[in-house]
Each structure stands twice: as C-alpha cells, then as structure tokens.
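Report on the following structure.
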Amino acid sequence: MNKIQLGLIGYGYWGPNFARVISESATCALKFCADVSEKSLDRAKKKYPSLITTKDYRDILSDNDIKAVIIVTPTKTHYQVARECILAKKHVFIEKPLCHDVKEAEELIALAQDNNVKLMVGHVFLFNSAVKFIKDQIDHGHIGRLRHLHFQRRNLGPIRQDVNVLWDLSPHDISMALHFIGQRPLSVIASGESFLQKGIHDVVSASLKFPNNIMVNMIFSWIDPVKVRDIAIVGENKMILFDDVAQSERVKIFNKNANIIKNTLDVNFGEYQISMHSGDILVPAIDSKEPLKEEFNHFIDCVVGDKKPFTDGENGLEVVRIISAIQRSLDQNSTLVKL
Ligand SMILES: NC(=O)c1ccc[n+]([C@@H]2O[C@H](COP(=O)([O-])OP(=O)(O)OC[C@H]3O[C@@H](n4cnc5c(N)ncnc54)[C@H](O)[C@@H]3O)[C@@H](O)[C@H]2O)c1
C-alpha cells in the first residue's frame, strides 16, 4: 500500500513531535519539511535524512503527491499559511489556536468547504484519555449538575513574542471547558499584566459565565515558579481533580459535596441546613495512549474516510471567538464582554 504523503510546516519546538508521530505511522510518510529557519531544517534533516527540506512552504503545495499538511508555525502566521495550503487543495491540520482573528477563522472554514478539504485544529486535550474519561463521567451524571470549574496553566516559560500568554495557553483550557460543559459562555471578564514585553500579557486570569450558573475560572502564566496544569471540576454530587503533570493518579474523583438539605423557602434560620459530605476518593485506571498520536490518527482517518474532524474548523472558531472576547475584556480594563 502506498503511504499517504505529508508535509510539515514549522519545525521549532512542537513540530518535531509531529515528525516523530508520522515516522512511527504505518500509513503515512513525511516527504517535506518547511521552515524559514535554516537551523530548524538542519535539525530535521539530521534526524530524518530522506526528508526534503525547504525554506518556502509553497514548494510543498506544488507537489501533487502531498495529500495533507501539518502546520506548526507561530500563531500569527496560521491564517496566511493555512489559507494558501487550502487553496492548493491540501487537507490541513493546524496547531492551536486556529488563527488570531474571528473573521479570518470564518474565512478559513469557508475556504476549506469550497475547496473540499479537511480543516482540523490541534486541540490535543480532547484526544487525551483523562479528558475523555472526565467527559464520560459528566455526561453520565456521576458528578451531578456542574457548578464551577477551575483551570490553572502556569510555568516559567516558554515565553512567546508573537502572541500573549492568553493566545498561547488558553486554547487548551477553553477547548476543554467547552467540551465538558457543552455550551458557549454567556460572558467573560479578564485581567492581566505585561511584566516583560510591552503589550504582551504574561499573566492573565479570566472568568467565564456559562448558562445554568456554571462558573469557570482560568489562570494562565508563563512567569511562575513551577509547572502547574490542573483542573478542578465541582458538581452537585462529586468533584474531580485532573493534575496533568502528576507522575501518577492524574485523575481523582472525590465523593464530596455540599448541598442544602432543606429548602430555604418557608423555613426559619434555625431550620436552614447545609450538608457537607466527604466520602471516598476514587483513582480510576486510565489508559496511557499518547494524545498527539490519537489526534494525528484521527486527522488521517478523516482525510482517508472523508469524515468530519472532531476538532474541525467550527470547533477552532468557537475557541478563537472566546479568546477574542477575553482579549477584548483585557483591552477594555476588565469590562464584562458578552458573547
Ligand atoms: N498542542 C500543544 O500542546 C502545543 C505545544 C506547543 C506549541 N503548540 C503550537 O504549535 C505552534 C508552534 O509552536 P512552537 O512552540 O513550535 O513555536 P516555535 O517558535 O518554537 O516554532 C515555530 C517554527 O516555525 C517556523 N516558522 C515561522 N514562520 C514560518 C513560515 N512562514 N514558514 C515556515 N516556517 C515558519 C519558525 O522558524 C520555527 O522553527 C503554535 O501554534 C503553538 O500554539 C502547540
């Protein structure tokens, strides 16, 4: 069987992970790697000597053997690179976020439809077994009605220059929040600071209000002492913690809750009671499939089987829409922005 020929655009920090995943694939082969940096191309060529390297990604687009491209360039370049790839009728996998502007995201979706190519966005956490497990718990009602969710994504670096910490880190958490809750937020409010580079926020915190009084808080920072990637999900019946940097026991389900046991209507102050329940902690066994591999295989399945990607352009647009609203709140001194 002939392998599906692919091109990789961007071989910086994250691109090499795709080169590895493709090199381990039974059905795909990486033919090209494009990067504007000679150093990056040298690294790629050293690792994969049969790779054709180029400084101009358009060389990939003019090769008829290439069925799809993986774009792993800085966020601000996404729109232009993806647009040209789609116009050249290549299926496109693009790293998160889809792009840096709602209108541009809409245009990419329309272009992909017109040119009959797949457009998939790298919201890799939706391919993470722990996230799938948590979603299943929520959907089966084990947690009860969702109350509030906290997301923390903090570390020292890497510090980007093309986008702020919000655009860099929040796509992961926003994509998960949308996935868990299954609805779009009603409003957002944010605050942040630029300590290192003028106009580029290093620390951002955002509060998102969802329908049914679900409250979501997120903090993103690339100047923090230790790497923290955790999520707390609080429901009426149970609570879940997902610590993505823990060596073991990454997901814990706490049989804990706090609920009013008597309706406050028609009762006096003495009768009003809150029950606090603190039961067992369950540590579920979760498989250790590599999320990036799962994500890549899904993209290839969609290309080969003409299927709609789970994290398609629309999904990517939804995330860009919410980040843009949070950015607007930052730009307007923490005003509430409705969606
Ligand atoms: N899914 C994840 O967990 C994850 C992790 C890191 C980065 N990312 C995403 O991957 C993308 C790249 O991030 P990175 O950390 O690898 O950045 P990076 O800056 O380390 O690498 C980007 C590479 O793209 C090259 N490049 C820039 N413009 C180009 C162009 N026009 N044509 C060809 N090459 C070009 C640069 O020379 C560089 O080698 C970003 O969108 C980022 O959000 C995702």
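The values are calculated or read from the model by the stated rules, or taken from the named source; none is laboratory data. What you see is a predicted model, and the numbers here were worked out from it, not measured in a lab. Note that each Cβ is placed from the backbone with ideal geometry, even for glycine, and that neighbours are counted across all protein chains shown.
Below are the figures for this structure:
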quantity: Among the candidates F127, F133, residue that is surrounded by 20 or more Cβ atoms within 10 Å (Cβ to Cβ) and at pLDDT 95 or above; calculated: F127
quantity: Subset of the range 73-83 [surrounded by fewer than 21 Cβ atoms within 10 Å (Cβ to Cβ) and more than 10 Å from the ligand (Cβ to nearest atom)]; calculated: Y79, R83
quantity: Residues located in the range 66-101, provided they are closer than 11 Å to G316 by Cβ, in contact with a helix residue (DSSP H, G or I) (Cβ under 7 Å, 6 or more places away or on another chain) and not in a strand (DSSP E or B); calculated: A82, K96, P97, L98, C99
quantity: Strands (runs of 3 or more DSSP E) contained in the range 1-62 and holding at least 1 residues aliphatic (A, V, I, L, M) and more than 15 Å from the ligand (Cβ to nearest atom); calculated: 4-9, 28-34
quantity: Every residue from the range 291-326 that is touching a residue at least 60 places away in the same chain (Cβ under 8 Å) and of a type in the set (D, E); calculated: E294, E295, D312, E314, E318
quantity: Selected residue [among the acidic types (D, E) and at pLDDT 95 or above] from D266, D224, D287; calculated: D224
quantity: Check on I70, under 26 Å from L108 (Cβ atoms) and either more than 9 Å from the ligand (Cβ to nearest atom) or free of Cβ contacts under 8 Å to residues at least 60 places away in the same chain (or both); calculated: yes
quantity: Single match in K96, K46, K90 (criterion: surrounded by fewer than 20 Cβ atoms within 10 Å (Cβ to Cβ) and of a type outside the set (A, V, I, L, M)); calculated: K46
quantity: Residue match in the range 103-119 (condition: over 17 Å from V21 (Cα atoms) and within 11 Å of the ligand (Cβ to nearest atom)); calculated: no
quantity: Subset tally (residues that are out of contact with any Asp or Glu (no Cβ under 7 Å at 6 or more places or on another chain), among the hydrophobic types (A, V, I, L, M, F, W, C) and within 15 Å of Q327 (Cα to Cα)) for the range 165-206; calculated: 10
